């Protein structure tokens with residue numbers, strides 16, 4: 001619409017045109033900034049994302065008008081999208097933080113189904129049986145390889161024709177000698193101790209037979225190993241989440257999920273409409289319940305069962321898109337996008353796969369390597385689109401692990417990484433804060449070893465000294481590490497540390513059991 005001088009400008013332009021001149025183009029109005037927030041999936045690692053969100057709302061002052069999420073990120077996205085203002089959204093982050101801090105074990109997020117519980121109970125015994133079989137097979141193979149002629153001499157009672165025939169057969173098949181059987185009594189693994197060990201293991205395995213039917217039936221009919229734990233039920237409680245608030249807030253929401261039948265990536269909007277990856281409505285699909293859509297986005301294959309939305313069954317959106325930046329930038333008009341990722345790049349080194357079984361190979365290649373590559377591609381595309389990507393460099397815990405101490409460390413780490421990215425912290429500054437988080441992670445493991453030794457299994461690497469030697473965990477070691485933590489915090493840039501960091505050294509890391517008074521304080 002023309003402004004106050006519009007009529008005069010209009011006449012001037014007509015005169016210029018009549019005289020054969022060219023009217024200069026009107027300057028384009030400045031583009032309105034639209035802030036977007038994309039939250040990736042990550043299971044239990046979403047505690048890192050909550051810490052990062054706290055920084056973004058508190059220090060960056062973001063007020064996203066578009067929020068997208070996948071899997072666990074869809075939960076956070078939907079809760080935030082209920083509120084139109086920065087203050088309300090930041091308050092929602094605080095409520096999410098309190099919910100996460102209330103968890104004490106993985107069962108709060110992932111409740112095992114009965115068949116999977118039984119499988120876990122009996123798996124150690126069955127692994128022992130398999131280990132015994134492999135041990136005897138390897139020992140027998142070693143004996144044959146050391147003395148291949150022994151097997152041939154054992155056949156000396158056979159007639160010469162048979163011997164010549166066997167000799168010809170061995171020449172045709174070079175490793176046929178190693179295929180001869182060695183009697184158990186001649187195997188190095190055959191001893192009184194091993195016999196008793198084998199008998200005890202087989203007896204224990206036999207007692208598990210009553211649960212085999214339950215396990216096999218569950219694996220064939222349940223389609224998953226877990227059901228959502230009580231945390232998920234609390235998140236979708238009407239006091240915490242109301243779809244009508246999302247629909248009326250004015251915030252655009254996109255929840256990512258993958259349809260099994262078509263194999264396509266879909267988004268569910270703030271009003272429950274199903275859309276394709278180009279953000280166009282999918283013909284023939286009804287409006288769906290937003291809570292059900294969140295459950296579908298969180299349905300990690302084999303962990304949770306698929307969820308039906310409209311005409312198809314859906315699983316975790318991370319199967320195709322873990323970080324939904326593209327839909328926000330390309331189709332929803334976002335000009336400044338913050339992308340929060342829960343998982344670090346790369347994989348932790350694994351031990352040799354020479355003797356690993358098929359399931360372990362599939363898990364490593366399919367759920368490890370491929371998932372990491374998909375995420376790496378998405379992060380690269382997000383950065384190319386101009387998104388501000390906040391991602392951990394350290395792996396605090398995996399996607400199924402819930403522990404009070406690790407949750408708190410991961411939240412603080414999320415705050416720190418957001419601060420580092422948004423302030424363009426130097427490599428030296430990042431190295432200092434990284435060392436602090438690594439030290440807290442080690443302190444957590446040492447405390448577990450001291451206060452509840454049985455819980456320390458699997459964290460022995462954190463109990464090693466800088467020289468690589470195994471440290472003897474005791475309260476004196478904890479005290480020394482706490483002093484190191486105090487000094488590291490003092491030396492770090494305070495702008496990169498969350499409130500309360502100066503008190504980290506004064507108390508224990510959080511644990512799901514009673515703790516004595518700190519002995520290192522005066």
Looking at 111, 44, can you tell me which residue is at pLDDT below 95 and in contact with a strand residue (DSSP E or B) (Cβ under 6 Å, 6 or more places away or on another chain)? 111
I need the strands (runs of 3 or more DSSP E) fully contained in the range 298-395, keeping only those with at least 1 residues that are without any contact (Cβ under 8 Å) to a residue 60 or more places away in the chain and assigned by TED's automatic domain parsing to the domain that holds residue 409. 307-309, 312-316, 388-390
Being over 17 Å from residue 69 (Cβ atoms) and either assigned by TED's automatic domain parsing to the domain that holds residue 73 or in a strand (DSSP E or B) (or both), is that true of even one residue in the range 288-296? no
Can you name the condition, by its number, that residue 336 falls short on among (1) more than 26 Å from residue 110 (Cα to Cα); (2) crowded, with 20+ Cβ neighbours inside 10 Å? (2)
The number of residues in the range 261-287 that are assigned to a loop (DSSP other than H, G, I, E, B) and either within 20 Å of the chain's Cα centre (by Cα) or within 13 Å of residue 318 (Cα to Cα) (or both) is 2
Please tell me if residue 467 is more than 19 Å from residue 508 (Cα to Cα), modelled with pLDDT under 50 and either in a helix (DSSP H, G or I) or over 25 Å from the mean Cα position of the chain (by Cα) (or both). yes
Does residue 514 qualify as being at pLDDT 95 or above and either in contact with a helix residue (DSSP H, G or I) (Cβ under 7 Å, 6 or more places away or on another chain) or over 13 Å from residue 440 (Cα atoms) (or both)? no
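The values are calculated or read from the model by the stated rules, or taken from the named source; none is laboratory data. On a predicted model such as this, the values are computed, not experimentally measured, just so you know. Cβ atoms come from the backbone with ideal geometry, glycine included; neighbour counts cover every protein chain shown.
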